[in-house]
Amino acid sequence: MDRILSGIKPTGQLTLGNYIGAIKNFAKVQQEGEAYLFIADLHALTLPIDPEFLRNNSRDLAAYYLAAGLDPKKTTIFLQSDVPAHSELAIILQNYLYMGELSRMTQFKDKSAKMKDEAIGLGLFAYPVLMAADIVIYDAKRIPVGEDQLQHIELARDLVHRFNNRYGETLVMPKGELVKVGSRIMSLSDPTKKMSKSDPKGDIYLNDSLEVMRKKIMSAVTDMEARVHYDVEKQPGISNLMTIMSALTGKSFEQIEKEFEGKGYGEFKRAVADAVCAEMEPYKARYEEIVKSGLVDDVLKDGAKRASVVAEATLKRVQKAVGLYNK
Ligand code: TYM
């Protein structure tokens with residue numbers, strides 16, 4: 001059975017983009033292999049973050065995973081920092097990724113754009129090294145993510161290629177995979193930008209109330225074309241709302257276009273808001289139940305134990321391959 005792996009950083013509030021592009025999909029994909037899903041808390045440290053916020057957010061993220069239907073008996077759910085082998089492996093792998101390629105990563109360029117060199121942490125620069133370690137340490141073949149993470153996975157593939165060429169077949173080649181619809185949900189206030197945990201008007205947060213979610217959708221930026229039609233170039237706002245609706249209801253773009261032929265944007269937005277609320281109402285209720293149940297700590301503890309067994313074996317294999325004495 002193929003190993004499947006993914007992770008989310010516990011920074012900021014989770015968005016509808018994280019839900020559609022990653023969490024909801026993962027609940028489906030877990031049926032298809034041996035799944036590992038973690039909370040990338042070490043990655044959260046690559047930009048300044050309040051310790052109390054990080055702690056609470058890490059626990060909440062685990063609760064959001066469980067509420068989405070992730071089954072802790074099937075999927076190993078754990079904190080990255082509870083499996084130190086990730087960090088140990090990253091120390092070795094950092095020697096096979098190069099400054100030039102790391103400095104070309106879009107995420108690094110975006111996040112460091114407004115910083116002076118003196119203020120850019122080494123961790124932010126080396127982010128893809130730890131991410132590659134996260135992936136190869138589970139011999140994972142399938143990496144379900146949103147579109148913005150594909151570049152990092154491509155780099156992990158380059159690393160595996162390089163490493164295996166030099167030391168023989170040691171690491172398993174991973175492959176990124178996207179959801180069919182919704183791998184890049186855009187901001188509601190500027191649909192040419194990705195929805196990304198940092199724009200309260202353009203983001204729908206999973207912890208927004210249903211009323212706030214509805215309001216944000218009703219005031220989403222649209223256009224003057226006055227027809228519900230999928231065209232990312234000319235109608236990015238409407239196309240984004242259609243994507244959200246399609247991802248949540250399973251309706252195709254053609255079906256949505258037909259359903260709203262001759263109807264106004266107000267009516268269409270109300271239907272999108274209905275679809276979002278229909279999905280979020282039970283999801284948020286399950287989340288609240290899980291937080292109250294206190295289940296999260298046990299799940300994370302058990303997950304870390306199971307993950308460590310696999311991670312430590314891979315670490316050993318790599319240490320041996322590169323010639324660390326007596327491994
Ligand atoms: P993060 O925390 O930024 O995002 C978590 C997941 O959500 C997806 N995503 C989106 N999908 C659709 N539309 C959007 N607007 C949107 N915004 C985010 C992301 O693509 C991602 O799948 N580096 C990763 C965490 C990580 C990881 C890993 C992932 C660390 N190690 C190993 C996979 C494998 C990150 O920062 O995701």
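The residues of segment 210-288 expose, per residue, 53 Å² of accessible area to a 1.4 Å probe.
Here the gap between GLU312 and VAL212, fully extended at 0.36 nm per residue and compared with their Cα-Cα distance, gives a gain of 31.5 nm. Taking amide H atoms as placed 1.01 Å from N in the peptide plane, the amide H of ASP231 lies under 5 Å from those of SER239, each 5 or more residues away in sequence or on another chain. The phi-based Karplus calculation (6.51 cos²θ - 1.76 cosθ + 1.60; θ = phi - 60°) puts the 3J(HN,Hα) values of segment 16-28 at 4, x, 4, 5, 6, x, 10, 5, 4, 5, 5, 4, 7 Hz, whole numbers, x for Gly and Pro. Each peptide in 2-12, 196-206 was scored by the mean count of other Cβ atoms within 10 Å over its residues; highest first, the order is 2-12, 196-206. In this structure, the amide hydrogen of ALA35, modeled 1.01 Å from its nitrogen in the peptide plane, lies closer than 5 angstrom to those of ILE4, THR76, counting only residues at least 5 positions away or on a different chain.
Thinking of the chain as a set of Cα atoms, what percent of all their pairs are more than 29 Å apart? Counting every Cα pair in the chain, those more than 29 Å apart make up 41 percent.
For segment 81-118 versus segment 217-270, the inter-centroid distance based on Cα atoms is 38 Å.
When the alpha-carbon atoms of segment 210-288 are used, the pair Rg, Dmax equals 12.7, 41 angstrom. For segment 1-80 versus segment 193-212, the spacing of their alpha-carbon centroids is 18 Å.
Taking K and R as +1 and D and E as -1, what net charge do the other residues with C-beta under 12 Å from the C-beta of ILE137 add up to? Net of charged neighbours comes to -1. Amide H contacts of GLY7: PHE38, each under 5 Å away and 5 or more positions distant or on a separate chain (H built 1.01 Å from N in the peptide plane; Pro and chain starts excluded). Summarising the label geometry, the points placed 7 Å from Cα in the beta-carbon direction at LYS301 and LYS327 lie 3.1 nm from one another.
Separation of the alpha carbons by more than 18 angstrom is noted, of LYS114/LYS216; LYS193/LYS234; LYS9/LYS316; LYS111/LYS194; LYS73/LYS180, for LYS114/LYS216; LYS9/LYS316; LYS73/LYS180. Charge tally around HIS161: other residues with Cβ under 15 Å, Lys/Arg +1 each, Asp/Glu -1 each, net +1. Karplus-based coupling profile of segment 290-302, in residue order and whole Hz: 5, 4, 5, 5, x, 5, 3, 4, 5, 4, 5, 5, 5, with θ = phi - 60° in 6.51 cos²θ - 1.76 cosθ + 1.60 and x standing for Gly or Pro. With loop membership from DSSP and a limit of 13 other Cβ atoms within 10 Å, the longest segment of the chain without GluC sites (Glu not before Pro) is 1-168. If you take every DSSP beta bridge whose two residues both sit in the chain, what share of them, in percent to the nearest 5, is antiparallel? Bridges in the chain that DSSP calls antiparallel: roughly 10 percent. For the chain, the share of accessible area belonging to carbon and sulfur comes to 52 percent (1.4 Å probe, ligands and nucleic acids excluded).
The values are calculated or read from the model by the stated rules, or taken from the named source; none is laboratory data. For clarity, every value in this text was computed on a predicted model and none was experimentally measured. When we count neighbours, we look across all protein chains shown, and the Cβ atoms used for this are built from the backbone with ideal geometry, even at glycine. For the accessible areas, the whole protein counts, side chains as well, though only heavy atoms, and no ligand, DNA or RNA atoms are used. Shrake-Rupley method; radii C 1.70, N 1.55, O 1.52, S 1.80 Å.
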